[in-house]
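Quick note: the coordinates plus some simple rules give every number you see, no bench work behind them. Bear in mind the structure is a predicted one, so any value in this text is a computation, not a measurement. Positions of Cβ are backbone-derived with ideal geometry, glycine not excepted, and every protein chain shown enters the neighbour counts.
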Amino acid sequence: QKEVEQDPGPLSVPEGAIVSLNCTYSNSAFQYFMWYRQYSRKGPELLMYTYSSGNKEDGRFTAQVDKSSKYISLFIRDSQPSDSATYLCAMNPGNTGKLIFGQGTTLQVKP
Amino acid sequence: DTEVTQTPKHLVMGMTNKKSLKCEQHMGHRAMYWYKQKAKKPPELMFVYSYEKLSINESVPSRFSPECPNSSLLNLHLHALQPEDSALYLCASSQAALTSGRANEQFFGPGTRLTVL
């Protein structure tokens, strides 16, 4: 079993939909949770950084962490075709700098 | 300057060649990272420099040799690579060094797409 599980998709939604992307994990020591967006043939772009449990909002993006369920989510409101990309969750128990990534979910937003 | 830059964008090399990848950041970040990413896979950590010192080597073969000449610059020297080393090589940096949880807040460059023939 992988430490971080993420459904690879692809996930296809119409423009304007609310998108929910999720990761589950097995290591209860994880404390730091990140979401990255990666366009084809580009480097990952940091979208959200959260520590411990709770919600964090930034524009159309909301990150949620539920440590009791070992489950994290990224919500995208009013999705746009420009949101079409691969979304990677990443996490770490401490300050090693070694991010444990999920496999990535490919999202397509259709006009 | 708020970005990580990498050169070259693309590199094709033979198995007997020696080449280098370069990464720069001028954000005053204290840690820098090399990752390797194969198609449809997540990035895999190779090396971490914290305060210009090599802190993590993820058992990477010696044909990959990192170097951190100063706090803004990170190189990856390549020698006698194999075709299976073809991948996207990503550099990242974090404002915090490995003494802080914010070392997990990593910012990536665009990558160098390497093809080994």
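Values for this structure:
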quantity	calculated
Where a residue in region B:43-57 is more than 10 Å from chain A (Cβ to nearest Cβ) and its partner, wherever it lies, is basic (Lys, Arg) and assigned to a strand (DSSP E or B), with Cβ under 8 Å and at least six apart	B:MET46/B:LYS36
Any strands (runs of 3 or more DSSP E) falling wholly within region A:16-59 and containing at least 3 residues that are within 12 Å of chain B (Cβ to nearest Cβ) and free of Cβ contacts under 8 Å to residues at least 40 places away in the same chain	A:45-51
Count - residues of region A:17-50 that are among the polar types (S, T, N, Q), surrounded by fewer than 18 Cβ atoms within 10 Å (Cβ to Cβ) and under 30 Å from B:THR115 (Cβ atoms)	1
Options B:SER72, B:SER65: the member that is in contact with an Asp or Glu (Cβ under 9 Å, 6 or more places away or on another chain), more than 14 Å from chain A (Cβ to nearest Cβ) and surrounded by fewer than 19 Cβ atoms within 10 Å (Cβ to Cβ)	B:SER72
Count - residues of region B:88-108 that are within 7 Å of another protein chain (Cβ to nearest Cβ) and of a type in the set (A, V, I, L, M, F, W, C)	5
Matching option when the condition is of a type outside the set (Val, Ile, Thr), surrounded by fewer than 15 Cβ atoms within 10 Å (Cβ to Cβ), more than 11 Å from the chain's Cα centre (by Cα) and part of a strand (DSSP E or B), among A:SER12, A:SER69	A:SER12
Verdict on A:THR96 being of a type in the set (Ser, Thr, Tyr) and assigned to a strand (DSSP E or B)	no
